[in-house]
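This report refers to the structure that appears directly beneath it.
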Amino acid sequence: MPYIDQFLSVIVAEGASDLHIGEGQPPKMRRHGDVMPIRDEPITRDEAAKMLSEMCGPKRWEIFEEGGDLDFAYEMDEQSRFRCNFLKQANGYGAVFRLIPTKIASLDQLGIPPVVKQFGHLRGGLILVTGPTGSGKSTTLAALIDYINENFSRHIVTIEEPIEFVHQNKHSIITQREVPVDTISFPNGLKAALREDADIVLVGEMRDLETISLALTAAETGLLVFGTLHTNNARKTIDRMVDAFPANKQAQVRTMLANSLRGVLAQLLMKKADGSGRLTVNEILIASSAVSAIIREGATQKLQDVIVAGKGLGMQFMDDAIHALLQKGLVSAHEAFMKAIDKNRFKEFLSSEEKGLGHAAGSAPDDQKRSPGDFVKGKHGGRKIGQ
């Protein structure tokens, strides 16, 4: 068994989402949004080098040693697949491992509003799935691709770094390409997709001007393009797309975006009030003539009114969605306040949540108040991992 597997097994057993390895500090896991150590002893340089080089192999290790960064996917067993990022940091080697469910959840199981399925019925245009790192964008996109795969006969090309969810062909043909293994870069993969008889292209990350430009062009030429951005709401998403271009090109880009954008699904994860995990909250923008006019004008501050007024069409404003969760008692006032766009709207609820504030601010639920060694005792043969 590879050395790293004993650490990754704790992540699976504890229902955690990430493993953090850093030379000179204890290994840590992120569970329900909180980071906690899984043993007392720090990772030594030899230990870090052993566990990381062994799992990625000589060729990838050489790339990492030269470049200081490495992204790939690792399958521990049939039930456990991880997205891996190696990095060099001030104290030496480091790595972060994100657990990827091997079974793709449906949109319904994820609690995504049913109107989002409409995006899968489109034959062209641009759909943006946005949110901060770790907000579940990849999971939602995988569910949307799976919905299309089950209901339509399409050729879907995904360009990812790395490939996270592995799709099996159902009614559609799915071609998954990994950067830089199968294609040098996102722009290269996008250009190639235009020659691959694709109906749908998923761009794992729209991180630079060339990728954004090509995605807009592909959407204008009739492909349905799904892309991701690290923005929290629809307004910021459109501003980010336009601001990626030089000032003399922005008017043209606004026109392209107004013509091709079909929807924005912004996503956040919120801690449940009972401490049992996290739940998804979404803002949904569906393109309309009003939305197109706003994008052309560059008047994105007007989008909030359009989203609120478009509730009957399935649109949803982020703060309204957060407010609904608060009213149902699913999230605390402190959590709602922290995640809201307009924080003044939620200030009035904070005083009635004083008891919960201490909990939200850092006092962990009972099941998180264990010593580091407890995570491996009992479940892992009574020994501390890596010993």
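Name the residue that is most open to solvent (accessible area, probe 1.4 Å), counting only residues in the range 263-297 that are within 20 Å of Arg240 (Cβ to Cβ) and of a type in the set (S, T, N, Q).
Out of the qualifying residues, it is Ser292.
Would you mind telling me which numbered condition in (1) closer than 21 Å to Pro101 by Cβ; (2) modelled with pLDDT of 95 or more; (3) out of contact with any His (no Cβ under 9 Å at 6 or more places or on another chain) Gly22 fails?
(1)
Taking the residues in the range 1-46 that are out of contact with any strand residue (DSSP E or B) (no Cβ under 8 Å at 6 or more places or on another chain), assigned to a helix (DSSP H, G or I) and in contact (Cβ under 8 Å) with a residue 12 or more places away in the chain as candidates, determine which candidate is farthest from Asp69 (Cα to Cα).
Ala13
Can you tell me which residue within the range 75-93, out of those that are touching a helix residue (DSSP H, G or I) at 6+ places or on another chain (Cβ under 7 Å) and in contact (Cβ under 8 Å) with a residue 40 or more places away in the chain, is nearest to Asp5 (Cα to Cα)?
Applying the filter and picking the extreme gives Met76.
Working only within the range 27-59, note down all residues that are within 26 Å of the chain's Cα centre (by Cα) and open to solvent by 30 Å² or more (accessible area, probe 1.4 Å).
Result: Lys28, Arg30, His32, Asp34, Val35, Pro37.
Okay, residues lined up against (1) of a type in the set (Asp, Glu); (2) farther than 24 Å from Ile286 by Cα; (3) touching a residue at least 40 places away in the same chain (Cβ under 8 Å):
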site: Ile159; (1), (2), (3): no, yes, yes
site: Ile174; (1), (2), (3): no, yes, no
site: Asp182; (1), (2), (3): yes, yes, no
site: Ala192; (1), (2), (3): no, yes, no
site: Asp199; (1), (2), (3): yes, no, yes
site: Leu214; (1), (2), (3): no, no, no
site: Val225; (1), (2), (3): no, no, yes
site: Ala244; (1), (2), (3): no, no, no
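May I ask you to verify whether Asp69 is surrounded by fewer than 14 Cβ atoms within 10 Å (Cβ to Cβ) and in contact with a strand residue (DSSP E or B) (Cβ under 9 Å, 6 or more places away or on another chain)?
It is true that Asp69 is surrounded by fewer than 14 Cβ atoms within 10 Å (Cβ to Cβ) and in contact with a strand residue (DSSP E or B) (Cβ under 9 Å, 6 or more places away or on another chain).
Any idea which of (1) farther than 30 Å from Met1 by Cα; (2) at pLDDT 95 or above; (3) open to solvent by 40 Å² or more (accessible area, probe 1.4 Å); (4) among the polar types (S, T, N, Q) is the one Thr133 doesn't satisfy?
Status for Thr133: all satisfied but (2).
Among the residues of the range 363-378, is any closer than 19 Å to His32 by Cβ, at pLDDT below 85 and of a type in the set (Lys, Arg)?
yes
Which of the residues spanning the range 251-298 are part of a helix (DSSP H, G or I) and either touching a strand residue (DSSP E or B) at 6+ places or on another chain (Cβ under 8 Å) or within 16 Å of Ala219 (Cα to Cα) (or both)?
Within the range 251-298, Gln252, Val253, Arg254, Thr255, Met256, Leu257, Ala258, Asn259, Ser260, Val291, Ser292, Ile295 qualify.
Filter the range 107-128 for residues that are within 19 Å of Arg278 (Cα to Cα) and of a type in the set (A, V, I, L, M); which is surrounded by the most Cβ atoms within 10 Å (Cβ to Cβ)?
Applying the filter and picking the extreme gives Ile112.
Just need a number here: residues in the range 107-138 that are assigned to a loop (DSSP other than H, G, I, E, B) and of a type outside the set (Val, Ile, Thr).
10
The values are calculated or read from the model by the stated rules, or taken from the named source; none is laboratory data. From a predicted model like this one, the values you see are computed outputs, not experimental measurements. Virtual Cβ from ideal backbone geometry, glycine too; neighbours counted across all protein chains shown. Note: accessible area is taken over every heavy atom of the protein model, side chains too, but ligands, DNA and RNA are not part of it. Shrake-Rupley method; radii C 1.70, N 1.55, O 1.52, S 1.80 Å.
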